[in-house]
1. Could you state the number of Å between the C-alpha centres of the stretch 77-122 and the stretch 10-25?
2. Would you mind classifying the stretch 2-53 by shape? Square roots of the alpha carbon gyration tensor eigenvalues, ordered a ≥ b ≥ c; an a/c under 1.5 is rounded, otherwise it is prolate if a/b is larger than b/c and oblate if not.
3. Given a 10 angstrom Cα cut-off, can you work out which residue in 82, 67, 111 is the most mobile in a GNM of the chain?
4. Find the relative contact order for the stretch 61-122 and round it to a whole percent, using C-alpha pairs within less than 8 Å whose residues are 6+ positions apart.
5. Take the chain, connect every pair of alpha-carbon atoms lying under 10 Å apart with a spring to form a Gaussian network, then pick out the residue of 69, 21, 37 with the largest mean-square fluctuation.
6. Pop the C-beta distance of residue 71 and residue 111 into the FRET formula with R0 = 30 Å and round what comes out to the nearest 0.05.
7. Determine the calculated [θ] at 222 nm for the chain from helices alone, applying -39500 (n - 2.57) to every DSSP H run no shorter than 4 residues and normalising by the residue count; nearest 500 deg cm²/dmol.
8. Kindly identify the stretch 60-119 as rounded, prolate or oblate by the Cα gyration tensor criterion: order the square roots of the eigenvalues as a ≥ b ≥ c, call it rounded if a/c is under 1.5, otherwise compare a/b with b/c, prolate if a/b is larger, else oblate.
């Protein structure tokens, strides 16, 4: 498949995966595998990579809130699994964490669906 880098140069590669470090490609000329940061790829290529892999990029403007929310959700799951809190308390805490993240996202111009999509990413 043909992709484009940030300065408009097209390249042919097979997309392997996407993650926080960028998109990983294998290049047919030599079979080399390379991960390219999203900042090194064109906006169209980034959209294509995300569509093909299902990867969701966390916008820098909400990254601190995302990291905080994910840490809290992980803590809630740990507390639930070892019996420190019950299912009802865990659900209430999850709702509060999620709503706090949605508020931050709204303040940055993202709607609730996008906030949930970011928070639910794998």
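1. Here the two parts' Cα centres lie 30 Å apart.
2. Since a/c reaches 1.5 but b/c is at least a/b, the shape of the stretch 2-53 is classed as oblate.
3. 82
4. The value is 39 percent.
5. Highest fluctuation of the listed residues: 21.
6. The calculated FRET efficiency here is 0.80.
7. Values: 4 runs with 59 residues, N = 122.
Roughly -16000 deg cm²/dmol at 222 nm, from the helical runs in the chain.
8. Values: a/c = 3.29, a/b = 2.17, b/c = 1.52.
Here the stretch 60-119 falls in the prolate category.
Taken together, the values in this text are just the output of simple stated rules run on the coordinates, not laboratory data. Keep in mind that what you see is a predicted model, and the values were worked out from it rather than measured. Quick reminder, even Gly has a Cβ in these numbers, built from the backbone with ideal geometry, and neighbours come from all protein chains shown.
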